[in-house]
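Reviewing the structure listed below.
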Amino acid sequence: MAFLSSLDISGSALTASRLRMDVISENIANASTTRTDAGGPYRRKMVVYRAADSEEDSFGSLLNNELGDSTKAPGGVKVDGIVEDQTPFTTVYDPSSPDADAQGYVQKPNVDVTKETLDMMSVTRAYSANINALNAVKSMAGKALEIWK
């Protein structure tokens, strides 16, 4: 039933948003980590989304879907992966740090806490919007069931 597919779409968005919140939290928690198991400072991570129904990403198939020439229903969003940000690390002069190089410089993570906070605000709003969409579908389903009474 196409009506209930919106529950799947909102559910997939909630799952993807929650994972993004977890990754952002990890970035903020490691904003000052100068040594990791892999060696070197912590590298910022980012979540990559993709459309769940994007098996065929050609312009023609997307246009046909929008024009209604396809019977395939939209499928929400999926996490395509978690990638590391390749932005260079910042260096700070701190010769007293155990992670300092021979010149006394320490490489700091490429995490900008302000940017991470803004990303968290954005994903929180997206999460909230999907909760509202889920509640609207639930309300419509309830009203539809009342019709049968």
For this session: With a Förster radius of 25 Å, plug the Cβ-Cβ distance of Ser97 and Met46 into 1/(1 + (r/R0)^6) and report the FRET value to the nearest 0.05.
Result: 0.40
Problem set entry | Whole-Hz couplings from phi, Karplus 6.51/-1.76/1.60, listed for the range 93-100; x for Gly and Pro | 7, 8, x, 7, 6, x, 9, 6
Seminar exercise, completed: Any lysines whose Cα falls less than 21 Å from that of Lys108, other than same-chain ones fewer than 8 residues away, would be Lys45
Problem set entry | Proximal charge balance of Lys45 [Cβ under 12 Å; K/R count +1, D/E count -1] | -3
Seminar exercise, completed: For Gly75, the residues 5 or more places away or on another chain with a placed amide H closer than 5 Å to its own amide H are Ala52, Asp53
Problem set entry | Whole-Hz couplings from phi, Karplus 6.51/-1.76/1.60, listed for the range 109-115; x for Gly and Pro | x, 8, 9, 9, 4, 5, 5
For this session: Assuming a ≥ b ≥ c are the square roots of the Cα gyration tensor eigenvalues, decide whether the range 96-149 counts as rounded (a/c under 1.5), prolate (otherwise, with a/b larger than b/c) or oblate.
Result: prolate
For this session: Just rank Arg20, Arg43, fewest to most, by other beta-carbon atoms within 10 angstrom.
Result: Arg43, Arg20
Seminar exercise, completed: Karplus ³J(HN,Hα) for the range 12-26 (6.51 cos²θ - 1.76 cosθ + 1.60, θ = phi - 60°; Hz, whole; x = Gly/Pro) runs 5, 5, 5, 5, 5, 5, 5, 5, 5, 4, 5, 5, 4, 4, 5
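Throughout, read-outs are computed from the coordinates displayed, never taken from laboratory work. Not measured: the values here are computed from a predicted model. In this analysis, Cβ positions are derived from the backbone assuming ideal geometry, glycine residues included, and neighbour counts consider all displayed protein chains.
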